[in-house]
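The values are calculated or read from the model by the stated rules, or taken from the named source; none is laboratory data. Computed from a predicted model, the values in this text were never measured in an experiment. Cβ placement follows ideal geometry from the backbone for every residue including glycine, while neighbour counts extend to all protein chains displayed. Calculation scope for accessible area: heavy atoms of the full protein, side chains included, ligands and nucleic acids excluded. Shrake-Rupley method; radii C 1.70, N 1.55, O 1.52, S 1.80 Å.
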Amino acid sequence: MIRAIAFTDRRLHREKALPGSLWFMEAEGGESPALWFFCPCGCGDVAHITIGLGAKPAAPPSWSWNGRTDAPTLTPSVRQLNCGWHGWLRDGYWQPV
Ligand SMILES: [Zn+2]
């Protein structure tokens, strides 16, 4: 399992580029929040997905988020990466399927 460390500083998140690390983008102007993350596999891919607090936003693809940045959980599983990595983010850890 890979720890999903959440950064509060977007620039630092990009600079460190730690596999599995996160940056949460707050909702703006009625849009859903988003999660930026580096692929847990270490390939360096960075992706962003639309998330909703406790519910999947209407416009797919989207994920339901438990609202925590220190121990985030997403549903369903994440397969949104060029390398083909597929797994779950649960309680702050990435777990391959
Ligand atoms: Zn990867």
Checking the condition surrounded by 13 or more Cβ atoms within 10 Å (Cβ to Cβ) and out of contact with any Gly (no Cβ under 6 Å at 6 or more places or on another chain), which residue from GLY42, GLY30 passes? GLY42
Across the stretch 1-20, the tally of residues that are surrounded by 15 or more Cβ atoms within 10 Å (Cβ to Cβ) and free of Cβ contacts under 8 Å to residues at least 60 places away in the same chain stands at 5
VAL97 vs. criteria open to solvent by 30 Å² or more (accessible area, probe 1.4 Å), closer than 19 Å to ASP9 by Cα and either of a type outside the set (A, V, I, L, M, F, W, C) or within 16 Å of the ligand (Cβ to nearest atom) (or both): no
Kindly provide the set of residues from the stretch 68-84 that are open to solvent by less than 40 Å² (accessible area, probe 1.4 Å) and either charged (D, E, K, R) or modelled with pLDDT under 95 (or both), ordered by number. LEU81
Can you tell me which of TRP36, TRP23, TRP63 is surrounded by 12 or more Cβ atoms within 10 Å (Cβ to Cβ) and either within 16 Å of the ligand (Cβ to nearest atom) or assigned to a helix (DSSP H, G or I) (or both)? TRP36
